[in-house]
Amino acid sequence: MTDYKPVPIISDQPAEDQQVAFGFEAYSRTLSAVIANKDNKTPLVIGIYGPWGSGKTTLMKSIIADLGKMNNQGLEAFRKCKTVWFQAWKHGDEDEILAALIEEILKTMKQDGFLENCTAQVEQLIERFNVSKFVGELTKKIARVDITEFFDSLPHKERLGFYESFQNFFDRLIWTYLNWRPQTSEAEKTDDKGAALVIFIDDLDRCPRDRIPHVLETIKLFMDRKGCVFVIGAANEIIENALKHKYGEEDASKFMDKIVQVTFNLPQILGEDFGSYLDRIGIQEKGAIIPHLPLIISAVKSNPRRLKRFLNNLNLLQGILINKELDVEYKDLLFWNIIDYLRPDLREELKDNPANLEQLKDHIKQLGDKIGDQGIWDIPKEDMANIPVSFQKYLKDKELVDLLNKFDITADQLRQLASMSGIVESAIEVKEKRKEARETHDEFDLMAEIPAGEFIYQDGKDTIETPYKIDVYPVTNRQFEQFIKAGGYRGQDYWSPEGNKWLSTEEVSEPKYWKDDKWNQPEHPVVGVSYFEAEAYANWAGKRLPTEKEWERAARGTEGRKYPWGNEFDKERCNTIESEIEKTTRVTRYPNGRSPEGCYDMAGNVFEWTSSWYDESEKRRVLRGGSWNGNPGSARCAYRVRSNPLTRLLSLGFRCVRTLK
């Protein structure tokens with residue numbers, strides 16, 4: 001075992017020091033100059049918008065620091081700015097939010113020494129303006145009382161009168177705080193040229209959707225005050241959706257337009273700014289990272305927080321590899337991390353079947369030999385047609401192709417890396433990658449076109465009279481989920497008379513094993529569906545179930561192959577009992593097992609329903625294709641077995657066809 005070695009981790013705390021990264025210094029200086037400019041009238045509201053992890057909090061903290069510097073320099077063109085930090089998402093209803101906001105303002109006054117140094121002025125205010133007994137009591141106890149607790153103690157019937165009285169008093173208290181002397185008379189108006197109270201409201205988008213409008217309505221009570229500036233940090237899309245949910249689309253836009261005078265959308269961070277950040281934090285392996293920085297930036301979607309997580313995951317994995325004494329070069333670990341972030345779908349493919357990496361690289365080499373080194377990666381149509389469908393999207397991506405070419409790793413090393421991928425993922429990363437996977441899986445709807453014509457069927461010959469299309473993959477759980485969400489089990493029009501009768505008797509609303517994690521993985525074939533459920537799905541999708549003749553033609557081509565890939569069984573090309581996997585697999589796992597027509601999983605994984613009757617008794621339907629728990633013989637293209645249409649097995653799924661006219 002090697003000696004202990006430190007593993008560096010980058011903090012995700014918002015930067016408050018002098019070195020603001022990612023080019024934020026220019027934004028901070030500009031926005032602080034807007035806030036402090038004595039000629040800019042108040043009240044003023046600035047909205048700083050950006051997605052999760054884009055640096056909103058860091059920018060707002062930087063603005064506070066810049067305002068402090070401007071205060072210290074006493075520049076003629078700028079007013080003094082007192083700053084308050086408020087996290088509205090931590091608080092509940094309107095009363096609690098209002099109380100908490102007031103409390104934060106008073107705490108800032110206390111930290112600034114105002115309440116101790118100006119006690120006489122505060123008491124003079126209370127006496128001069130004859131405020132309610134509750135306001136006087138609150139102010140006298142401010143040094144030791146929780147304001148929210150005080151508000152809660154007020155009798156409900158007296159709260160409205162209290163708020164009105166308190167707001168008048170609070171206006172004068174803020175005037176006194178900004179000017180550090182009491183207001184001599186009501187005629188002495190607030191002069192926002194001399195000073196302003198700047199309230200930063202961070203992470204507004206972290207509030208529950210229904211609470212966001214309440215927060216905005218509550219703080220709007222303060223937004224109309226002269227001498228006050230509000231800076232709101234949020235993901236604009238989340239705020240807009242919350243307001244639309246309450247007010248409707250048109251009124252939601254008007255609501256924000258009335259509140260926010262200055263909008264700043266955090267721009268996409270440039271490559272050189274990411275490079276400067278790596279310089280600043282002194283990353284040890286910078287030399288290996290810089291050549292691939294554009295790809296990393298793409299992988300983390302130009303998001304500072306995602307970059308930090310990427311680097312932390314990389315460092316953690318490197319530490320584990322060192323302590324497990326595994327011989328994996330840093331560059332290969334880096335490449336795997338890029339794939340993990342950039343193409344989570346490819347990561348899953350390679351985790352399921354590491355041999356697919358070599359297959360991909362073989363296709364890349366063959367294409368490279370044909371295309372040549374012209375600087376343009378343009379794959380001819382005829383060559384693309386010969387590439388497995390599940391590979392095509394990866395091979396179209398030139399940057400990914402270049403990375404895979406350099407990814408020099410053995411199948412065993414890849415298995416080791418793949419086994420560790422999930423251990424460094426946060427919950428939000430898992431959620432994001434699942435979302436990205438959903439967005440990149442339109443390929444599951446692909447169909448292969450089968451022309452009319454003669455072919456070898458069973459032990460003789462037969463003819464396809466009408467051309468058709470057949471699903472490239474068995475129907476997946478993700479696809480079947482759409483049927484459920486669309487009310488497929490309630491839509492009688494999708495079901496045959498026999499199916500409706502079965503449905504009313506069984507009262508089912510989902511496949512038999514739908515809630516079992518072993519069988520409900522998104523890219524695995526749906527199982528536990530009866531013939532009637534498969535038929536209803538096909539009708540809903542505008543398709544139908546194949547006849548067994550159509551199924552066999554798509555599986556073995558015209559020359560009558562024994563298996564989709566040839567005449568010899570190969571457990572590396574399909575999921576049967578010989579594979580010892582003992583469950584279903586991703587439908588894209590075996591590109592080397594596809595049929596002559598490009599269809600996947602026509603040997604193994606799951607038996608598939610066809611619309612054909614097994615015999616003249618018309619009591620049993622034909623199943624084709626073999627399954628994960630079947631032997632090689634049942635995976636033959638010509639093998640047929642019968643099943644009751646009511647059957648809902650762990651080894652039984654389906655795919656659909658569409659007739660071409």
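Below are the figures for this structure:
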item	result
Flag if Phe407 is in contact (Cβ under 8 Å) with a residue 40 or more places away in the chain and more than 26 Å from the chain's Cα centre (by Cα)	yes
Test for Val20: is it aliphatic (A, V, I, L, M), within 20 Å of Cys207 (Cα to Cα), at pLDDT below 90 and touching a Ser or Thr at 6+ places or on another chain (Cβ under 6 Å)	no
Glu582 vs. criteria more than 33 Å from the chain's Cα centre (by Cα), assigned by TED's automatic domain parsing to the domain that holds Thr463 and either surrounded by fewer than 17 Cβ atoms within 10 Å (Cβ to Cβ) or not in a loop (DSSP other than H, G, I, E, B) (or both)	no
Hits in the range 413-437 (condition: at pLDDT below 80 and loosely packed, with under 14 Cβ neighbours inside 10 Å)	Gly422, Ile423, Ser426, Ala427, Ile428, Val430, Lys431, Arg434, Lys435
Residue list for the range 276-312, restricted to those being closer than 19 Å to Leu400 by Cβ and of a type in the set (S, T, N, Q)	Ser298, Ser302
Residue within the range 322-329 that is buried (at least 18 other Cβ atoms within 10 Å of the Cβ) and either in contact with an Asp or Glu (Cβ under 8 Å, 6 or more places away or on another chain) or not assigned by TED's automatic domain parsing to the domain that holds Pro596 (or both) present	yes
Pick from the range 604-661, criterion in contact (Cβ under 8 Å) with a residue 24 or more places away in the chain and among the acidic types (Asp, Glu), ranking: farthest from Asp459 (Cα to Cα)	Glu608
Only one of Pro304, Pro354, Pro344 that is buried (at least 16 other Cβ atoms within 10 Å of the Cβ) and touching a Leu at 6+ places or on another chain (Cβ under 6 Å)	Pro354
Selection count where residues are farther than 24 Å from Trp495 by Cα and either aromatic (Phe, Trp, Tyr) or part of a helix (DSSP H, G or I) (or both), scope the range 516-564	7
Considering residues of the range 59-85 that are among the aliphatic types (A, V, I, L, M) and not in a loop (DSSP other than H, G, I, E, B) only, the residue farthest from the chain's Cα centre (by Cα)	Met70
Considering residues of the range 223-277 that are aromatic (Phe, Trp, Tyr) and part of a helix (DSSP H, G or I) only, the residue surrounded by the most Cβ atoms within 10 Å (Cβ to Cβ)	Phe274
Subset of the range 503-515 that is among the acidic types (Asp, Glu) and either touching a Phe, Trp or Tyr at 6+ places or on another chain (Cβ under 8 Å) or assigned to a helix (DSSP H, G or I) (or both) - its residue that is modelled with the highest pLDDT	Glu510
One residue from Asn337, Asn315 being touching a Pro at 6+ places or on another chain (Cβ under 6 Å) and either part of a helix (DSSP H, G or I) or not acidic (Asp, Glu) (or both)	Asn315
Residues being surrounded by 14 or more Cβ atoms within 10 Å (Cβ to Cβ) and out of contact with any helix residue (DSSP H, G or I) (no Cβ under 8 Å at 6 or more places or on another chain) - total across the range 369-395	1
Flag if Glu597 is touching a Gly at 6+ places or on another chain (Cβ under 9 Å), in contact (Cβ under 8 Å) with a residue 40 or more places away in the chain and part of a strand (DSSP E or B)	no
Any hit, the range 451-458, residues being of a type in the set (S, T, N, Q) and more than 41 Å from the chain's Cα centre (by Cα)	yes
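The values are calculated or read from the model by the stated rules, or taken from the named source; none is laboratory data. Since the structure is predicted, the reported quantities are computational estimates derived from the model, not experimental observations. Every residue, glycine among them, receives a Cβ derived from its backbone with ideal geometry; neighbour counts consider all protein chains shown.
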